[in-house]
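Reviewing the structure listed below.
The values are calculated or read from the model by the stated rules, or taken from the named source; none is laboratory data. All values derive from a computational prediction rather than experimental measurement. A quick note on method: Cβ atoms are made from the backbone with ideal geometry, for glycine too, and the neighbour counts reach across all protein chains shown. Ligands, DNA and RNA are stripped out before the accessible areas are found, and what is left, the full protein with its side chains, is counted by its heavy atoms. Shrake-Rupley method; radii C 1.70, N 1.55, O 1.52, S 1.80 Å.
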Amino acid sequence: IQVSPFDLVVFGGTGDLAARKLLPALFHRDAAGQIPDDARIIGVSRRPLSREAYVDVVRAALDQFVKTADKTPEAVDRFVARIHYLPADASSEAGWGDLASLLNSGSERVRAFYFAVSPDLFAPLSQRIRQFGLVTPESRVVLEKPLGKDGASARAVNDAVAEVFAESQVFRIDHYLGKETVQNLMALRFANRLFEPLWNSTHIDHVQITVAEDIGVGDRSGYYNTSGAMRDMLQNHIMQLLCLTAMEPPDAFEADAVRDEKLKVLKALKRIDDRNAEQMTVRAQYRAGSAGGKPAAGYLDELGEDSKTETFVAIRAEIANWRWAGVPFFLRTGKRLTKRTSEIVVNFRPISHNIFDATAGRVSQNRLILRLQPDEGVTLEVTIKDPGPGGMRLRRIPLDMSFAETFGVANPDAYERLLMDVIRGNQTLFMRSDEVAAAWQWVDPIYAAWANNDQRVHGYAAGTWGPSAAVALIERDGRTWFEDS
Ligand code: BG6
């Protein structure tokens, strides 16, 4: 179904995110017929480009990042016909009058401002938008992560944006929420009888959430070194996954109902601070090792200076509420790990009584695995009898659902779904400002503890699953990381 006509203004229009994610996502939605004829995409950046030169930038981005069959010459021409470009930035008034005139020629339509720029610019950009009277009732603003670098700076950004836009107009994007499997987690939990009665500490032993990447920080080290794995991935993506796994059923699949429940999870997280950070957290950096069969440099060598910024973090979290008391949630993420894989693994408790004798073998615990990438899908591991006349031999097998196999189509990129939600005005898959604040409230004391205790930054060889300290973190609890078991 087509969305309403819109103008989408992308600040950071010549940047990496626009090229890699936003423009390809918009292209796919256009090729699918979802974008109305008169919708406009307006790139804005400091660079003094003509419209034609920017169209070349857009074509180059599509060449590099769109490899699918929908990229026909006609589809590309149709898409670039929507493209406009204006040089402007927050530091001066230059260019803003032109932007205002362009937008005013479509003042009735949905108007979305996408801030694909550093968060320091969110406040000044919002002020310019107000100064030039660009906010209409149908306006929205999209804020890319990271939103601040701690609770205080996030609050400052949220407050500055709130002077210009109402909360109902603010879309704080976390692209993990747009991933199919993540939305499927809600379908699985709340559209099936099967799981919800078991979804608690009586039946669940522990949960693991892993977001592993094989890439290093590459040429993003300038940004990354001020951020680290916790700010870049854990405070947002992983904590959002945690919320959706652990939240109570919302009354409706509707923005505030869902976000109210997620907020309760964040607030119920047990505090980790100077007293227990050593036991509950591991921070680490990759050293030289390998990547894709080739030698790979260590983080500090790539950076060219000393740094304590973590490229890996593992945390044993607990949620202090009735449903989850005593159930550990093991969270971990890192760069330059063995492979790119992201998954939520829900480990059920053992059966209460085993009727089989030793010849039947071990009765394995059930596991539900939600794979976010690379191959999105859901696996439920169950124990069955080995086929054949040889008596009762038990074996664990996966009941597998691969989305690509079941539906025969590749999943749309998360940004496709989320950008269309922005135009539709649906905030369900976006973070509310109190959620962001609550996530920082949990993360800030961990950073403080790392600094106060001068907690060790472990090393791990590039291409491995992280430091041995992360293995120890989970094994102390008598559990093992999923890929090891
Ligand atoms: C981004 C992080 O938010 O997510 C990157 O800034 C990371 O460091 C990326 O590589 C991972 O996203 P995805 O969708 O490839 O898992």
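Scan the range 363-389 for residues that are in a loop (DSSP other than H, G, I, E, B) and modelled with pLDDT under 95 and report the count.
10
Exactly one of these conditions fails for Y299: (1) touching a Pro at 6+ places or on another chain (Cβ under 9 Å); (2) within 16 Å of the ligand (Cβ to nearest atom). Give me its number.
(1)
For the range 312-319, does any single residue satisfy the condition of being within 16 Å of the ligand (Cβ to nearest atom), within 27 Å of E144 (Cα to Cα) and in contact (Cβ under 8 Å) with a residue 24 or more places away in the chain?
Among the residues of the range 312-319, at least one is within 16 Å of the ligand (Cβ to nearest atom), within 27 Å of E144 (Cα to Cα) and in contact (Cβ under 8 Å) with a residue 24 or more places away in the chain, which makes the answer yes.
From the list S105, S92, S126, exactly one residue is among the hydroxyl-bearing types (S, T, Y) and under 26 Å from the mean Cα position of the chain (by Cα). Which is it? Break it down into steps so the answer makes sense when it comes.
On the way: S105 fails: under 26 Å from the mean Cα position of the chain (by Cα); S92 fails: under 26 Å from the mean Cα position of the chain (by Cα).
S126 is the lone residue from the list that is among the hydroxyl-bearing types (S, T, Y) and under 26 Å from the mean Cα position of the chain (by Cα).
Among the residues of the range 17-29, is there at least one that is of a type outside the set (S, T, Y), without any contact (Cβ under 8 Å) to a residue 40 or more places away in the chain and surrounded by fewer than 18 Cβ atoms within 10 Å (Cβ to Cβ)?
Checking the range 17-29: not a single residue is of a type outside the set (S, T, Y), without any contact (Cβ under 8 Å) to a residue 40 or more places away in the chain and surrounded by fewer than 18 Cβ atoms within 10 Å (Cβ to Cβ).
Sort out which residues of the range 135-153 are within 16 Å of the ligand (Cβ to nearest atom) and small (G, A, S), and write them in order of number.
G148
Just to check your reading of the model, which residue among T210, T245, T226, T181 is within 30 Å of G151 (Cβ to Cβ), more than 10 Å from the ligand (Cβ to nearest atom), polar (S, T, N, Q) and open to solvent by 10 Å² or more (accessible area, probe 1.4 Å)?
Criteria check complete, one pass: T226.
Which one of the conditions (1) within 16 Å of the ligand (Cβ to nearest atom); (2) of a type in the set (D, E, K, R); (3) surrounded by fewer than 21 Cβ atoms within 10 Å (Cβ to Cβ) does E196 fail to meet, given that it meets all the rest?
(1)
Check off (1) without any contact (Cβ under 8 Å) to a residue 24 or more places away in the chain; (2) under 30 Å from G377 (Cβ atoms); (3) not aliphatic (A, V, I, L, M) for N104 and give me the number that stays unchecked.
(2)
Please list, ordered by first then second residue, the pairs with beta carbon atoms under 8 Å, 6 or more apart or interchain, first in the range 135-146 and more than 15 Å from F11 (Cα to Cα), second within 16 Å of the ligand (Cβ to nearest atom).
Correct list of pairs: P146/P119; P146/S227; P146/R231; P146/D232; P146/Q235; P146/N236.
Could you please let me know if L263 is within 21 Å of the chain's Cα centre (by Cα), more than 16 Å from the ligand (Cβ to nearest atom) and not hydroxyl-bearing (S, T, Y)?
yes
Quick check on my filter: what residues within the range 166-178 are surrounded by 16 or more Cβ atoms within 10 Å (Cβ to Cβ) and more than 14 Å from the ligand (Cβ to nearest atom)?
Answer for the range 166-178, where residues must be surrounded by 16 or more Cβ atoms within 10 Å (Cβ to Cβ) and more than 14 Å from the ligand (Cβ to nearest atom): Q169, V170, F171.
Is there a residue in the range 352-362 that is within 16 Å of the ligand (Cβ to nearest atom), part of a helix (DSSP H, G or I) and more than 30 Å from L23 (Cα to Cα)?
Scanning the range 352-362 turns up no residue that is within 16 Å of the ligand (Cβ to nearest atom), part of a helix (DSSP H, G or I) and more than 30 Å from L23 (Cα to Cα).
Could you go through the range 396-404 and let me know if any residue there is open to solvent by less than 10 Å² (accessible area, probe 1.4 Å), within 16 Å of the ligand (Cβ to nearest atom), in contact (Cβ under 8 Å) with a residue 60 or more places away in the chain and aromatic (F, W, Y).
yes
Can you tell me how many residues within the range 309-332 are closer than 22 Å to G463 by Cβ and in a loop (DSSP other than H, G, I, E, B)?
Step one: filter the range 309-332 for residues closer than 22 Å to G463 by Cβ, giving 309-314, 330-332.
Still in the running and in a loop (DSSP other than H, G, I, E, B): 309-311.
Number of matching residues: 3.
Within the range 332-351, can you find the residues that are of a type outside the set (S, T, N, Q) and more than 15 Å from the ligand (Cβ to nearest atom)?
Result: V345, V346, F348, R349, P350, I351.
Name the pairs: first residue in the range 364-379 and closer than 11 Å to V182 by Cα and open to solvent by 20 Å² or more (accessible area, probe 1.4 Å), second residue within 16 Å of the ligand (Cβ to nearest atom) and in a strand (DSSP E or B), Cβ to Cβ under 8 Å, at least 6 apart or on different chains?
Pairs found: R371/T341; R371/S342; R371/E343; R371/G377.
Somewhere in the range 119-129, is a residue of a type in the set (A, V, I, L, M, F, W, C), modelled with pLDDT of 95 or more, over 16 Å from V170 (Cβ atoms) and crowded, with 19+ Cβ neighbours inside 10 Å?
Taking every residue of the range 119-129 in turn, none turns out to be of a type in the set (A, V, I, L, M, F, W, C), modelled with pLDDT of 95 or more, over 16 Å from V170 (Cβ atoms) and crowded, with 19+ Cβ neighbours inside 10 Å.
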